[in-house]
Structure formats: structure tokens, C-alpha cells
Amino acid sequence: MADDNNRQIAEALLEALVRTSFEVMAVLNRTAAENDLSLTQLRALAILRDREPTMAQLAGYLGLERSSVSGLMDRAERRGLVRRTTSSSDARAVHVSLTSEGHLVSARLNDEVAGMLAPMTGRLSAPSRRG
């Protein structure tokens, strides 16, 4: 009896997680599209908000090949959102960081996403919202 109850709870939790992930992805995709960005570009801006990784590290964070990230950063650089600088410790490494405009756009997008997710996150307890 307890095993059946535990299985039902686990299945309900899994269903809720899947449903939530679909809702979050829909919000992220909509926000990206409304701002003429791909989902991957949106993710890159979020990653760059608090770090300045090398191109190789950014590729790892995004789960992409370096050549794909290079094209992604080319487009972001043309929009004035990112800049690339050669590493002072390794001339072969290139770091990526947000420009002032990139920080403004990233913060605005973060606020948009947070606002759209507020109905879901508002139901969480304060400790759960802190992560």
C-alpha cells in the first residue's frame, strides 16, 4: 500500500515537473522571439550576466561546439551586446563579456522572464524561491 502511494506521489511530481518545464520553456522562447533573439542567445546573455568565460567555457555552458558559439557571438557583437577580449594570461584564449548595452538588455530580459514566471514562483515558499 505504501509503495503504491509513493509511486503515485513520484508520478504526480514527475508530471508537475514536466508541465512546469514546458511552461518555462514557452516563456523563454516567447521572450527570446519578442526580442529578436534565439533561445540560445537568450541563454548566452544570462550566462554572461555574472561571468566572463572564455569562448571554450561558454561553448561548454551552452553545450555547443566552439564554431557555433563563434557565430552566436558574432551576431551578438554586431548588435552591441557583447565584446571579446584576448586573455592576458593566454593569447590563444578569448574571453566574452557583456557590453553596457548587453547588461541593460540582459537585466530587462531577466525582469520580463521573472514577471512572466511570477504566477508559478509566487506559490513557492520563501526558502524554495531562494534556491
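The values are calculated or read from the model by the stated rules, or taken from the named source; none is laboratory data. All values derive from a computational prediction rather than experimental measurement. Protein only, heavy atoms only, side chains kept; ligands, DNA and RNA dropped before computing areas. Shrake-Rupley method; radii C 1.70, N 1.55, O 1.52, S 1.80 Å.
Some points to look at:
- Alpha-carbon gyration tensor eigenvalues x 5, square-rooted, for segment 29-71, Å: 19, 12, 7
- Principal-axis analysis of the Cα atoms of the chain puts helix 39-48 at an angle of about 70° to the longest axis.
- Accessible area per residue, Å², the chain with all protein chains present, probe 1.4 Å: 66 Å²
- 3J(HN,Hα) along segment 113-123: 4, 4, x, 6, 8, 3, x, 7, 6, x, 7 Hz, from the Karplus curve 6.51 cos²θ - 1.76 cosθ + 1.60 with θ = phi - 60°, whole Hz, x for Gly and Pro.
- Rounded to the nearest 10 degrees, the angle from helix 66-78 to the longest Cα principal axis of the chain is 70 degrees.
- Cα-based values for the chain, radius of gyration first and Dmax second, are 18.7, 64 Å.
- Amide H contacts of T99 (H built 1.01 Å from N, under 5 Å, at least 5 apart or other chain): V82, R83
- Within the accessible area of the chain (1.4 Å probe), percent carbon and sulfur: 53 percent
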